[in-house]
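Only one structure is covered here, and it is reproduced in the block below.
The values are calculated or read from the model by the stated rules, or taken from the named source; none is laboratory data. All values derive from a computational prediction rather than experimental measurement. Here Cβ is always computed from backbone atoms with ideal geometry, including for glycine, and neighbour counts include all displayed protein chains. Heads up: the accessible areas ignore ligands, DNA and RNA and are worked out on the full protein's heavy atoms, side chains in. Shrake-Rupley method; radii C 1.70, N 1.55, O 1.52, S 1.80 Å.
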Amino acid sequence: MTSRLALWLLAPGLLLLALLMGGPVALLALESLKPFVPGSMRPGEGWTLAHYRELLQPAYLFYFWETFRIGLIVSTLSLLLGAPLAFAAVRSPRAGLRKALLALLVGLLVMSLIARLYAVEMAWGSLGPLAPLGALLGIAPRHPRYAEVLVGIGLLHFTLPVVALMLVGTFRALSPRLEEAAASLGATRSDAVVSILLPLAAPGMVSAFLVSLAMCISNFVAPLVLGRGVVVFTTSLMYTRFADIGNYPAGAAIGVTMLILAFLVVYGLSALARRLVPR
Amino acid sequence: MARIIASPAVNRRALLGGLATMAGSGPVFAQPRGEQLLVVMWGAQWIEVSRPIGEEWMRATGDRIQWELHAGGAMAIVGRLRPLWPRVPQNLIAAWDPVFAAMMEAGWMEPVNETEMPALRDIPDAFFKKDAQGRKMTVPLSTAGAFWGYRTDLVTGPPIESIEQLLEPRFRGKLCVPVPVNLSGLLLVSLAMQRGGNERNIEPGWQFLKQLAERGQIGRVVANNSEMINAMSAGDLSVAFWNTGGWQAVRDRFPCRLLTRLPDNKGFLFNEGFAVMKGENANRVAAAKRFANHFATAPINTRYNMPLGSGPTNINSTPAPAIADIFYKPDELERFAYIPDYAYMSSQVDAWTRRWETEITPLVRRG
């Protein structure tokens, strides 16, 4: 197939994508440049960069940092917990365990996030039976900063099954014979995992990590339900601007900034992964 | 399918009988009569009390009521409707004074009058929001308020007689407060008044709020009624600033004292009710007015307000005995109550929210 023909075949899909995805983002970018008139439902006249300038204040930089920091921690935990789960779900010699793990992961995926978040609040909240475990991190369960722990656990509920199920596909694609071959050449089980399995699974793990990160930094419900009003993600800032105040330009500016930052972080992490694990 | 027909519960005779009954009942297959209305209401007790009233209305009139709940503060609905206007699906919106002011400014509300809505004759004129031409624009259903209060079973030591006491170490992490977008910043106004300010001189309020945050007094920041009720019911917070509806729910379960008669602070009063939205479908607008009028009639107004802990607006309604400590006698109004300029406050919410995000949240977080 010639590249020109391929382009023509792709054209309808690309056009649809541009309309459905590019259109709203372009409108968002335009909205972010309009002035806001307090107390009015109508936008002001002309164009301004004021909404972007405001985001350079240290307090707002902190909210961006906080969103990515908690997202990175939760994604790392998801990967660390999800990889062994996925590996066991693929390679365990016991068929019952494999099926049970897969059923658990799929079950977690389809269970209502809201129900799970309130369950987290009941179990890990300041008066919950698991609060002493959370306090092992050095923050008293009644302290406002403990909300970070709750939000992290809430996000983990959201991302862990997704990461594990993505890695199930990755591990399934890797033939166990590679490890057997390594073992026949004298490698121990851990050597085989570190030198054969992990490098081969690295692209899948990086993808799962990035999906998890995207899910975390765009999550709105977990910080809202578990954040006690003090763990504020950029999604919450956007919601307040759009829904509570009606300041669409400021909300749009946060959205566009997040989009650019997310692209940069994903691109940076992908580049780093390519450098660390060359194909 | 064969297994279902063979089951003793659903046999051929029962199936045919059921179909015959359904065919005989007519309206099951006929076009439903009446109008379809989308009504926005708050969650918690508001929807609990409104839903049965709506169901009775549907049975009586054939109108179909679909409820939609406010997400976050009532002001959020304004932001949600803005991009949809003028094709908004909502016909009636339950809101309060600052939200009415914003919607009126946007020109979204339908004027109301006693000819179309006879129950309005029994509501005092002062409760209505009016446009520049003096037309009534709202259907006031409740007189409510926002006050400081506390759970007496959780607060040890001397009772709270002044808001200044909230700076004491015993209240560390015990305060539950709203973000400025909730109650249109009444928390700030309350704190400002404590230090000699008001809604137009808000700086003393910010200074007091910073002191509370720096000392770690604020344990939780809430954004809606459910969050406040959950937070105060959980037992790790004991003092809150919130509206009568939220307090009523907490008072139903725990012993509480509402600080409605402090010598150096005031309670805030406001009206809640319905806004009838403008719409292209005149029949639907008329149906919305009929439904709102039903809520404003004395028996329904009594029934609506009783579990909310709010004062009814219809002069022939009966107020709940439980709210005697919340509401002020005429001679107490000047001493203990305050009705701020809600229209001005709603124009300040954007600036107050930014200041909260940049100056207060980081302090609260530090704990």
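Taken over the stretch B:265-301, the criterion of being at pLDDT below 95, under 16 Å from the mean Cα position of the chain (by Cα) and of a type in the set (S, T, N, Q) is satisfied by B:271 alone. Looking only at the stretch B:175-199, residues that are within 14 Å of chain A (Cβ to nearest Cβ) and of a type outside the set (Gly, Ala, Ser) come to 11 in all. Would the stretch B:284-292 turn up any residue that is within 14 Å of another protein chain (Cβ to nearest Cβ), more than 12 Å from residue B:142 (Cα to Cα) and not acidic (Asp, Glu)? No, the stretch B:284-292 has no match at all. Before we move on, is residue B:359 under 30 Å from residue A:64 (Cβ atoms) and not β-branched (Val, Ile, Thr)? Here the answer is yes, as residue B:359 does meet what is asked. Taken over the stretch B:308-330, the criterion of being out of contact with any strand residue (DSSP E or B) (no Cβ under 8 Å at 6 or more places or on another chain), within 22 Å of residue B:128 (Cα to Cα) and of a type outside the set (Gly, Ala, Ser) is satisfied by B:314, B:315, B:316, B:329, B:330. Against the numbered list (1) over 22 Å from the mean Cα position of the chain (by Cα); (2) in a loop (DSSP other than H, G, I, E, B), residue B:112 comes up short only at (1).
Just to be sure before I move on: is residue A:242 of a type outside the set (A, V, I, L, M), open to solvent by 20 Å² or more (accessible area, probe 1.4 Å), assigned to a helix (DSSP H, G or I) and more than 13 Å from chain B (Cβ to nearest Cβ) in the structure I sent? No.
Rundown of residues vs (1) surrounded by 21 or more Cβ atoms within 10 Å (Cβ to Cβ); (2) under 29 Å from residue A:241 (Cα atoms), yes/no style:
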| position | (1), (2) |
| --- | --- |
| B:69 | no, yes |
| B:72 | no, yes |
| B:82 | no, yes |
| B:85 | no, yes |
| B:88 | no, yes |
| B:116 | no, no |
| B:148 | yes, yes |
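Evaluate the following for residue A:209: is it surrounded by 20 or more Cβ atoms within 10 Å (Cβ to Cβ), away from chain B (no Cβ under 13 Å) and over 30 Å from residue B:221 (Cα atoms)? If you could, list the steps in order and put the result at the bottom.
Numbers: surrounded by 20 or more Cβ atoms within 10 Å (Cβ to Cβ): yes; away from chain B (no Cβ under 13 Å): yes; over 30 Å from residue B:221 (Cα atoms): yes.
When the stated conditions are applied, residue A:209 passes them.
Screening residue A:97 with (1) without any contact (Cβ under 8 Å) to a residue 24 or more places away in the chain; (2) touching an Asp or Glu at 6+ places or on another chain (Cβ under 9 Å); (3) away from every other protein chain (no Cβ under 14 Å) gives one miss only, at (2).
The set of residues in the stretch A:222-279 being free of Cβ contacts under 8 Å to residues at least 60 places away in the same chain, basic (Lys, Arg) and farther than 23 Å from residue A:207 by Cα consists of A:241 alone.
Within the stretch A:1-60, considering only helices (runs of 4 or more DSSP H) that don't extend past its boundaries, which have at least 2 residues that are under 29 Å from residue B:98 (Cβ atoms)?
Those helices (runs of 4 or more DSSP H) span A:23-31, A:50-54.
Select, from B:350, B:331, the only residue that is within 14 Å of chain A (Cβ to nearest Cβ) and either in a helix (DSSP H, G or I) or among the aromatic types (Phe, Trp, Tyr) (or both). Unique residue meeting the criteria: B:350. For the stretch A:212-239, the candidate set comprises residues that are hydrophobic (A, V, I, L, M, F, W, C) and open to solvent by 20 Å² or more (accessible area, probe 1.4 Å); within that set, the residue that is nearest to the other protein chains (Cβ to nearest Cβ) is A:232.
Look at the stretch A:69-97 and say how many of its residues are basic (Lys, Arg) and either open to solvent by less than 70 Å² (accessible area, probe 1.4 Å) or modelled with pLDDT of 95 or more (or both).
Kept after step one, since they are basic (Lys, Arg), are these residues of the stretch A:69-97: A:69, A:91, A:94.
Filter again for either open to solvent by less than 70 Å² (accessible area, probe 1.4 Å) or modelled with pLDDT of 95 or more (or both), leaving A:69, A:91.
The qualifying residues number 2.
For the stretch B:356-367, filtered to residues that are buried (at least 18 other Cβ atoms within 10 Å of the Cβ) and more than 7 Å from chain A (Cβ to nearest Cβ), the residue that is nearest to residue B:74 (Cα to Cα) is B:356. Somewhere in the stretch A:245-262, is a residue open to solvent by 20 Å² or more (accessible area, probe 1.4 Å) and within 12 Å of another protein chain (Cβ to nearest Cβ)? Scanning the stretch A:245-262 turns up at least one residue that is open to solvent by 20 Å² or more (accessible area, probe 1.4 Å) and within 12 Å of another protein chain (Cβ to nearest Cβ). Tally the residues that are farther than 22 Å from residue A:145 by Cα, under 18 Å from the mean Cα position of the chain (by Cα) and of a type in the set (Val, Ile, Thr), restricting the search to the stretch A:221-279. So the count comes out to 6. If only residues of the stretch A:98-126 that are in a helix (DSSP H, G or I), open to solvent by 70 Å² or more (accessible area, probe 1.4 Å) and not β-branched (Val, Ile, Thr) are counted, the one that is nearest to residue A:269 (Cα to Cα) is A:109.
Taking residue A:117 as the residue in question, decide whether it is in contact (Cβ under 8 Å) with a residue 40 or more places away in the chain, within 14 Å of chain B (Cβ to nearest Cβ) and in contact with an Asp or Glu (Cβ under 8 Å, 6 or more places away or on another chain). In short, no. Residues considered: B:203, B:214. Of these, the only one that is at pLDDT 95 or above and more than 14 Å from chain A (Cβ to nearest Cβ) is B:203.
With the requirement that a residue be in a loop (DSSP other than H, G, I, E, B), closer than 20 Å to residue B:192 by Cα, in contact (Cβ under 8 Å) with a residue 60 or more places away in the chain and not small (Gly, Ala, Ser), what does the stretch B:155-172 give you?
Hits for the stretch B:155-172 are B:160, B:161.
Residue-level check: of (1) buried (at least 20 other Cβ atoms within 10 Å of the Cβ); (2) more than 15 Å from residue B:294 (Cα to Cα); (3) not charged (D, E, K, R), residue B:57 misses just (2).
Taking the criterion of being in contact (Cβ under 8 Å) with a residue 60 or more places away in the chain, away from chain B (no Cβ under 13 Å) and small (Gly, Ala, Ser), the residues of the stretch A:123-156 that qualify are A:152, A:154.
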